[in-house]
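These notes are about the structure you will find just below.
The values are calculated or read from the model by the stated rules, or taken from the named source; none is laboratory data. All values derive from a computational prediction rather than experimental measurement. As a convention, Cβ positions derive from the backbone with ideal geometry for all residues, glycine included, and neighbour counts pool all protein chains shown. Protein only, heavy atoms only, side chains kept; ligands, DNA and RNA dropped before computing areas. Shrake-Rupley method; radii C 1.70, N 1.55, O 1.52, S 1.80 Å.
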Amino acid sequence: MTDLLHAFALPRLNVRGAAVRLRDGFEQILSHQPYPPSVRTWLGEALCAATLLITGLKFQGRLSVQLQGGAELALLYVECSSNGDCRGIARIAEGASPQEFEVATRGAAMAVTLEPLQGERYQGIVELQGATLAECFENYFARSEQLPTRMLLCADDAQAAGLMVQKLPESGGIGSIDRDGWNRCEHLVSTVDPLEMLSISSEQLLHRLFHQEERFDRTPLPLHIRCRCSRDKVSDVLRRLGRDEAIAAANEPGGAQITCEFCGKVYRFDVIEIEQLFRPIAPGAGRA
Ligand SMILES: [Zn+2]
């Protein structure tokens, strides 16, 4: 088991945080998408960020992060649910070969979307600002939630890691809180070389940083790459395409073929199946 999310609290410092390591899941995502090295890195970092952010949710549901409209990086999308299911994709602008994050994402906006299982969806959108993805998140929190946040993200071709600490709002009247706590916490985090996070476990990292602090850990959450695609959802896509186009696709050799961009799963439909998709549903009949 390599993919774990460790959420923790440092009550004396009035800080909450999380650390994550991704290996198996990250490999799984990369296995069916020939992304260039730079994009692999950003996708790994973004996945880590999404997992770190779910530790702050007060509901069961899903959180997604979307960077859209960059000069070279057309889309970077990652999501993570409160039960640890993750997935992500990237799309490169036509003809681009992105190298530098700041150049690739020039002009992009970042949206963070919260989707509770029950209740209203919430979306915060900001213009992307930062030389690295981690910096963009720090700026996002500074602007949208006014929560001082430090985030470290790192990924290579095979694994990814992240660390986040957040200063909680002062609740007042708690005499035991260390007033210099946030400064000390920031200083400790600044001693971490992001690359170091790829060579040690989250437990080792947290111990190295906070062994002198009172720390409460939540039970680590196992993370899994799990796609939400289904034949039913693909059928809906084909219905939206329209009967004539769907039939034309089904008449191609091998039938109509739709590949899920997230997981690489291929869905095939022959002409008879396409005809069935467009058959009016008899009143009172359930969908098969
Ligand atoms: Zn899928």
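For the stretch 151-163, the criterion of being in the same structural domain as Leu30 (by TED's automatic domain parsing), among the polar types (S, T, N, Q) and open to solvent by 50 Å² or more (accessible area, probe 1.4 Å) is satisfied by no residue at all.
Would you confirm whether or not the stretch 217-240 contains a residue that is buried (at least 17 other Cβ atoms within 10 Å of the Cβ), over 22 Å from Cys86 (Cβ atoms) and not assigned by TED's automatic domain parsing to the domain that holds Ala49? Checked against the condition, which is being buried (at least 17 other Cβ atoms within 10 Å of the Cβ), over 22 Å from Cys86 (Cβ atoms) and not assigned by TED's automatic domain parsing to the domain that holds Ala49, the stretch 217-240 yields at least one hit. A search for C-beta distances below 6 Å between a residue of the stretch 63-90 that is assigned by TED's automatic domain parsing to the domain that holds Cys136 and in contact (Cβ under 8 Å) with a residue 60 or more places away in the chain and any residue that is surrounded by fewer than 23 Cβ atoms within 10 Å (Cβ to Cβ) and of a type in the set (Ser, Thr, Tyr), counting only pairs 6+ apart in sequence or on different chains, returns Ile89/Tyr77.
Screening Gln166 with (1) part of a strand (DSSP E or B); (2) over 22 Å from Leu10 (Cα atoms) gives one miss only, at (2).
Per-residue answers, yes or no, for (1) closer than 28 Å to Arg121 by Cα; (2) within 17 Å of the chain's Cα centre (by Cα); (3) surrounded by 23 or more Cβ atoms within 10 Å (Cβ to Cβ); (4) of a type in the set (Ser, Thr, Tyr):
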position	(1), (2), (3), (4)
Gly70	yes, no, yes, no
Leu73	yes, yes, yes, no
Val78	yes, yes, yes, no
Asn83	yes, yes, no, no
Arg87	yes, yes, yes, no
Glu94	no, no, no, no
Pro98	no, no, no, no
Val103	no, no, no, no
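Looking only at the stretch 1-22, count every residue that is part of a helix (DSSP H, G or I) and surrounded by fewer than 19 Cβ atoms within 10 Å (Cβ to Cβ) and tell me the total. Full working, then the answer.
Looking only at the stretch 1-22, we keep the residues that are part of a helix (DSSP H, G or I), and these are 11-13.
Now restrict to residues that are surrounded by fewer than 19 Cβ atoms within 10 Å (Cβ to Cβ): 11-12.
Of the residues in that region, 2 qualify.
Working only within the stretch 93-130, note down all residues that are in contact with a Phe, Trp or Tyr (Cβ under 8 Å, 6 or more places away or on another chain), in a strand (DSSP E or B) and of a type in the set (A, V, I, L, M). Those that are in contact with a Phe, Trp or Tyr (Cβ under 8 Å, 6 or more places away or on another chain), in a strand (DSSP E or B) and of a type in the set (A, V, I, L, M): Met110, Val112, Leu114, Val126.
Of all residues being among the hydroxyl-bearing types (Ser, Thr, Tyr), outside any loop (DSSP other than H, G, I, E, B) and open to solvent by 10 Å² or more (accessible area, probe 1.4 Å) in the stretch 38-61, which is nearest to Val103 (Cα to Cα)? Just the residue, please. So the residue we want is Ser38.
Scan the stretch 182-229 residue by residue and report those that are basic (Lys, Arg) and either out of contact with any strand residue (DSSP E or B) (no Cβ under 6 Å at 6 or more places or on another chain) or within 16 Å of the ligand (Cβ to nearest atom) (or both).
First, the residues of the stretch 182-229 that are basic (Lys, Arg): 184, 208, 215, 218, 226, 228.
Passing the criteria: Arg184, Arg208, Arg226, Arg228.
From the list Ser64, Ser31, the one residue that fits, being surrounded by fewer than 24 Cβ atoms within 10 Å (Cβ to Cβ) and touching a strand residue (DSSP E or B) at 6+ places or on another chain (Cβ under 9 Å), is Ser64.
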